[in-house]
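Notes to accompany the following structure.
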Amino acid sequence: MSDRPHRNSIAVEDAEVLSQDAYDGEQYVLRLRAPKVATRAEPGSFAHIQCDQALPMRRPFSIMRVDAGQGWVDFLYKAVGVGSRLLAKRHEGDRISILGPIGNPFRVRADRRQPLLIGGGVGIPPMVFLADRLRARSQEGFSAFVVMGSEVPFPFRARPSRILVPGMPEGTIACMPLLEDWGIASRLASLQGYPGCHQGYVTDLARRWLDALDATQREQVEVFACGPHPMLEAVARLAARYDLPCQVSLEEFMACGVGGCAGCTVEVQTPAGPAMKRVCVDGPVFDARAVFPAVP
């Protein structure tokens with residue numbers, strides 16, 4: 001058996017654009033028909049997409065949702081550079097080359113059935129994907145709480161939640177409608193003063209929620225996070241404070257996306273000492289303590 005399992009799990013597909021919806025803040029949700037990727041994708045994995053035929057260098061995008069039966073994959077992204085702005089011009093029926101799924105996904109422990117999911121900005125998509133998988137395990141007792149943060153308008157029309165969440169500040173009632181419809185509690189945070197959102201950081205809400213749990217309930221919590229590096233470090237500190245297991249998905253610039261160029265390497269602590277790991281295929285998901293060893 002190969003010691004590089006990713007070599008046998010990545011597919012190349014000529015995907016079809018099924019839809020592309022635009023949201024405030026130059027954000028888009030792209031749905032592609034890519035049945036091979038949809039069948040193999042796991043929460044935390046991503047795809048490398050050729051944004052335009054005139055731009056051969058691919059761009060990495062986190063997977064937000066899949067439907068293996070219907071063969072579609074959703075990506076939420078923000079148009080910030082040449083590649084993503086070209087991608088934003090693609091229309092229904094266009095063909096796009098997609099390489100994926102890539103990377104090691106989140107791994108959910110069976111003994112931690114109250115997962116805490118924290119997503120910031122473009123780190124929101126993996127949290128939606130993971131929440132979707134966790135709701136499929138509700139009969140096993142899994143009940144997730146999702147916190148999302150953004151400094152641009154959220155890429156959905158937030159609405160007041162009907163799901164009570166312990167420890168939330170007064171007036172913090174905005175949620176993601178999709179998660180609410182799934183029966184999954186969520187709350188939103190931003191420094192922009194959006195209605196119903198917490199005026200502060202995602203870690204503020206996470207801490208308030210954890211403080212509202214008793215010791216037995218906290219023993220059921222596992223933390224999963226994706227977002228900007230400072231946010232992930234703050235989440236790692238929070239998890240360490242409560243002695244909770246924590247997995248983080250890193251965001252790094254990638255060239256090849258399949259481990260060949262080693263352009264996305266980060267230093268990670270291993271049992272044998274510090275080592276340089278490639279975010280694309282050795283990650284993007286890592287144990288928080290391995291990435292942030294200085295966190296007390």
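Bear in mind that the values in this text are calculations on the coordinates, not laboratory data. Given the structure is predicted, the values throughout are model-derived calculations rather than measurements. For neighbour counting, all protein chains shown are included, and Cβ atoms are generated from backbone atoms with ideal geometry for every residue, glycine included.
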* Would you please name the trypsin sites (Lys or Arg not before Pro) within the stretch 99-146 that are DSSP coil residues with at most 16 other C-beta atoms within 10 Å of their C-beta? => R107, R109, R112, R137
* DSSP-defined antiparallel bridges as percent of all bridges, the stretch 116-250, nearest 5 -> 10 percent
* To do: Using only the Cα atoms of the stretch 162-245, build the gyration tensor, take square roots of its eigenvalues as a ≥ b ≥ c, and label the shape rounded, prolate or oblate: rounded if a/c is under 1.5, else prolate if a/b is larger than b/c, else oblate.
  => oblate
* Structure fact -> Calculated from DSSP helices alone, with each H run of at least 4 adding -39500 (n - 2.57) and the total divided by the residues of the chain, [θ]222 nm to the nearest 500 comes to -5500 deg cm²/dmol
* **Rounded, prolate or oblate (a/c below 1.5 giving rounded, otherwise prolate when a/b exceeds b/c) for the stretch 5-102 by Cα gyration tensor** => prolate
* About the Cα centre of the chain, how large is the charge dipole given +1 on each Lys and Arg Cβ and -1 on each Asp and Glu Cβ? Please answer in debye to the nearest 20. => 260 debye
* Structure fact -> per DSSP, antiparallel bridges as share of beta bridges in the chain, % nearest 5, sits at 65 percent
* Structure fact -> Ranking L205, V165, L178 by how far each Cα lies towards the positive end of the charge dipole of the stretch 157-220 (+1 on Lys and Arg Cβ, -1 on Asp and Glu Cβ), the top one is L178
* Could you state the number of Å between the C-alpha centres of the stretch 214-253 and the stretch 178-208? -> 16 Å
* Asked: Considering the dipole of the chain built from charges on the beta carbon (Lys and Arg +1, Asp and Glu -1) around the Cα centre, which of P43, V122, G149 is farthest to its positive end?
  -> P43
* To do: With a ≥ b ≥ c taken as the square roots of the eigenvalues of the C-alpha gyration tensor of the chain, please select rounded if a/c is under 1.5 and otherwise prolate if a/b is larger than b/c or oblate if it is not?
  => oblate
* Structure fact -> Expressed in angstrom and rounded, the centroid-to-centroid distance over alpha carbons for the stretch 106-127 and the stretch 11-52 is 20 Å
* Structure fact -> Residue separation between L178 and E16 times 0.36 nm, minus their alpha-carbon distance, gives in nm 55.9 nm
